[in-house]
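Report on the following structure.
Quick note: the coordinates plus some simple rules give every number you see, no bench work behind them. None of these values were measured; they are calculated from a predicted model. So basically every Cβ, Gly included, is an ideal-geometry build from the backbone, and we count neighbours across all protein chains shown.
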Amino acid sequence: MNWREDFAEDDQKLGEAIAHFKASMDAWSDAALSQPRTMAPAVTRRSWRWAASWAMGAVLAAGLVAGGVRQIVDRQQMATIAARKPTQPRATGRSMAAREAALPANGRARKQEAANAATQAKTDAHDDALLASVDRDLAREVPSAMEPLAQLMNVSAPTNDSAQ
């Protein structure tokens, strides 16, 4: 026997094995195709979720727009009120108006200066208190919300300089 005869015998066995494999695959696919098929039900459950999410998104967008419009309108109203508000409180009642009219011009000017000085003193006191509050807040090492955590820290912990 030579090598060609050996390979010819092996080729014949391989050809038979492949033919049997092909026949079994054909039989399997014919059996699979002949089985009755059922259709998967249509997915209808998600349609309400989709509609609900779009509706909630529309409500959220409308709320944001309405909030912005409301804020703009409120600011405009406050600006209008501030523009109308007099810088000095007006005297109420006819008796106060009559007394002011009876004062000489020099007396009215002194009263006006006194009122202006009192208003300026109140404004200065308010500004000083506000600046003191800002200075106190800026001087803090930690924000007020973090103070309980800062108290837990060990301030006297040794530094790395002593280990060297």
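Model label points for Ala82 and Ser34, set 7 angstrom from Cα along the Cα-to-Cβ axis, are 9.0 nm apart.
Want the number for Asp128 to Asp74: 0.36 nm per residue separation, take away the alpha-carbon distance, what's left?
Values: separation 54, 0.36 × 54 = 19.44 nm, distance 2.89 nm.
Going from the current span to full extension adds 16.5 nm.
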